[in-house]
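Presented below is the structure to which this report refers.
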Amino acid sequence: MTWHSSTPRAVCIASALLFGGALGWTPLVYPQDAQNRASQSAAPGRGIELLPVQGNISMLAGAGSNITVQVGKDGILLVDAGVAAMSDRVLEAIRTLSKAQITYIVNTSDRPDHVGGNETFARTGRPLAIGRAAQANVFIIAFSTILERMSDRNLTPAIPDRAWPNDTYSVPQKNLYFNGEAVQIFHQSATTDGDSIVLFRRSDVISTGDMFDPTQYPIIDVKNGGSLQGVVEGLNRLRQMAIPADHMEGGTMIIPGHGRLCDMADLAIYHQMVTVVRDRLQDMITRGLTLEQVKAARPTRDFDPIYGSTTGNWTTDMFIEAAYRSLSSTPGTRS
């Protein structure tokens, strides 16, 4: 499998970015490997893949959400934990990198494919000596609203206490120094009000969670504070953080919520798509179109072959409805 893109692809991207800025109805030209991204997304049951990224970072795919793995002398840090059913296989794959204890898990959201492995990993190893989470075997880091939702006793089924975040933050940024590098965790309201972005500074790798998912339209959980405008702002922030090498490729590597390992060129394509769709929907809302009229107009039609779906847990109609409702309730400022 080819994980890095070719120079001709960068030419296509540059052309789209330069000449697609009118944000009208003219379909944009996307390279073929971008169109194939959805089929490359590993899914539970299709096998675990452990891929070296750069520095001491690897990406584990095939367990639900992508899992970022940082290993070193201090132990193991994970970003997200996959689905519960794949936890044993995830742990087996991690053990090929290191036998050390899993010390940290950063949950970028509270969706089951991101937090399902928390409980299993919290049972491994021995109680940590650091006092801020007494007798914890692992520190589970998340924004404070993630804990509020996961600890809700009205959930069916309830999430076990051991799987809850025990090291929450409620400020814009949380910093760690682990395995010889600075790890920065940034809060960003995007798909929910509690999303996190994780930057590994020495390795130059960003783990994005679901605000960047090149396999589909972004999931927008309006009930839990998500919005299309928030996703656009999150993607803007990612583009400011990532520094590409030649022709917008290489440089900072980006581990998305699902799908293939990415770089700045991949992020630019996705960011452009989300911005175009946001502007189209906002224009329709301003003109007074109802949700059904918006759906009938098919504002995503030129992107549907790449990101759309008529079946599954997140269809194109579900995306349009969530995006419409989020933009209607909080009219977005364009950026």
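The values are calculated or read from the model by the stated rules, or taken from the named source; none is laboratory data. Given the structure is predicted, the values throughout are model-derived calculations rather than measurements. Note that each Cβ is placed from the backbone with ideal geometry, even for glycine, and that neighbours are counted across all protein chains shown. The area values use the complete protein model at the heavy-atom level, side chains included, leaving out ligands, DNA and RNA. Shrake-Rupley method; radii C 1.70, N 1.55, O 1.52, S 1.80 Å.
Tabulated results
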| quantity | calculated |
| --- | --- |
| Region 135-148, residues that are touching a Leu at 6+ places or on another chain (Cβ under 8 Å) and either in a helix (DSSP H, G or I) or of a type in the set (F, W, Y) (or both) | F139 |
| Given (1) of a type outside the set (S, T, Y); (2) within 30 Å of I285 (Cα to Cα); (3) open to solvent by less than 10 Å² (accessible area, probe 1.4 Å); (4) in a helix (DSSP H, G or I), index of the condition Q229 fails | (3) |
| Pairs, first at pLDDT 95 or above in region 230-244, second charged (D, E, K, R), C-beta under 6 Å, six or more apart | V232/R278 |
| Conditions (1) open to solvent by less than 40 Å² (accessible area, probe 1.4 Å); (2) of a type in the set (V, I, T); (3) within 29 Å of L235 (Cα to Cα); number of the one not met by V171 | (1) |
| Answer residue from region 181-239, given it is within 12 Å of the chain's Cα centre (by Cα) and of a type in the set (D, E, K, R) and is farthest from K73 (Cα to Cα) among those | D213 |
| From M318, M273, residue being surrounded by fewer than 17 Cβ atoms within 10 Å (Cβ to Cβ) and either in contact (Cβ under 8 Å) with a residue 12 or more places away in the chain or not in a loop (DSSP other than H, G, I, E, B) (or both) | M318 |
| N154 being open to solvent by 60 Å² or more (accessible area, probe 1.4 Å), touching a strand residue (DSSP E or B) at 6+ places or on another chain (Cβ under 8 Å) and either closer than 17 Å to R111 by Cα or modelled with pLDDT of 95 or more (or both) | no |
| Filtered residues of region 185-199 (kept if open to solvent by 30 Å² or more (accessible area, probe 1.4 Å) and in a strand (DSSP E or B)) | H187 |
| Subset of region 69-85 (residues that are more than 19 Å from the chain's Cα centre (by Cα) and either in contact (Cβ under 8 Å) with a residue 60 or more places away in the chain or over 19 Å from F139 (Cα atoms) (or both)) | V71, G72, K73, D74, G75, A85 |
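The rows are residues; the columns are (1) part of a helix (DSSP H, G or I); (2) surrounded by fewer than 22 Cβ atoms within 10 Å (Cβ to Cβ).
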| site | (1), (2) |
| --- | --- |
| G257 | no, no |
| D266 | yes, no |
| R278 | yes, no |
| M284 | yes, yes |
| I306 | yes, yes |
